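A.B. asks: The structure under discussion is supplied below as structure tokens; questions concerning it will follow.
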Amino acid sequence: MPKFPQPKAPGYVHPTTGRVAVLVADLAASDLNGDVPAYFYSEEAEGLGFDPWRLVEGIDAHTSGQDFDVCFDTGTYRTVGPLMTVFLSAADAARLAAEKANS
């Protein structure tokens, strides 16, 4: 499956939902991975009139550390690079940033 090419910048706040973009690599390395709701955003789906948000169950790092499988609640996954972003609530994004700063 090809990598998703155009992530939103980390820290980007979605204007409608208030969700905050965070790096897949940061969430994968965090204790929050799988414990807080995370969402994958598809600008392409939104442009076609579909719901652009997919619930993420968790993120699994490949052994190389260069790729990550974003696992969805539907049982499917998408392989992305470390600079891909997913979205968290503002509170969870702040928790992730604090966890990263303390590590």
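One line per residue, one yes/no per condition, for (1) over 11 Å from the mean Cα position of the chain (by Cα); (2) closer than 25 Å to Glu99 by Cα:
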{"position": "Pro7", "(1), (2)": "no, yes"}
{"position": "Pro10", "(1), (2)": "no, yes"}
{"position": "Asn33", "(1), (2)": "no, yes"}
{"position": "Phe40", "(1), (2)": "no, yes"}
{"position": "Gly49", "(1), (2)": "yes, no"}
{"position": "His62", "(1), (2)": "yes, yes"}
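A.B. asks: Kindly provide the set of residues from segment 46-83 that are within 10 Å of Leu27 (Cβ to Cβ) and in contact with a Lys or Arg (Cβ under 8 Å, 6 or more places away or on another chain), ordered by number.
C.D. replies: Correct list: Val70 only.
A.B. asks: Condition first: within 18 Å of Ala94 (Cβ to Cβ) and either crowded, with 16+ Cβ neighbours inside 10 Å or in contact with a Leu (Cβ under 6 Å, 6 or more places away or on another chain) (or both). Now tell me which residues in segment 29-55 satisfy that.
C.D. replies: Scanning segment 29-55 gives Ala29, Ser30, Leu32, Asn33, Val36, Ala38, Tyr39.
A.B. asks: Going through Leu83, Leu23 one at a time, which residue ends up being touching a residue at least 60 places away in the same chain (Cβ under 8 Å), closer than 16 Å to Pro7 by Cβ, crowded, with 18+ Cβ neighbours inside 10 Å and not aromatic (Phe, Trp, Tyr)?
C.D. replies: Leu23
A.B. asks: Of all residues in segment 59-103, which are small (Gly, Ala, Ser) and part of a loop (DSSP other than H, G, I, E, B)?
C.D. replies: Correct list: Ser64, Gly65, Gly75, Gly81, Ser89, Ser103.
A.B. asks: Looking at segment 41-49, can you tell me whether even one residue there is part of a strand (DSSP E or B) and either at pLDDT 95 or above or of a type in the set (Asp, Glu) (or both)?
C.D. replies: No, the conditions are met nowhere in segment 41-49.
A.B. asks: What do you reckon, is Val36 in a strand (DSSP E or B), at pLDDT 95 or above and not small (Gly, Ala, Ser)?
C.D. replies: It is false that Val36 is in a strand (DSSP E or B), at pLDDT 95 or above and not small (Gly, Ala, Ser).
The values are calculated or read from the model by the stated rules, or taken from the named source; none is laboratory data. From a predicted model like this one, the values you see are computed outputs, not experimental measurements. Neighbour counts run over all protein chains shown; Cβ positions are idealised from the backbone, glycine included.
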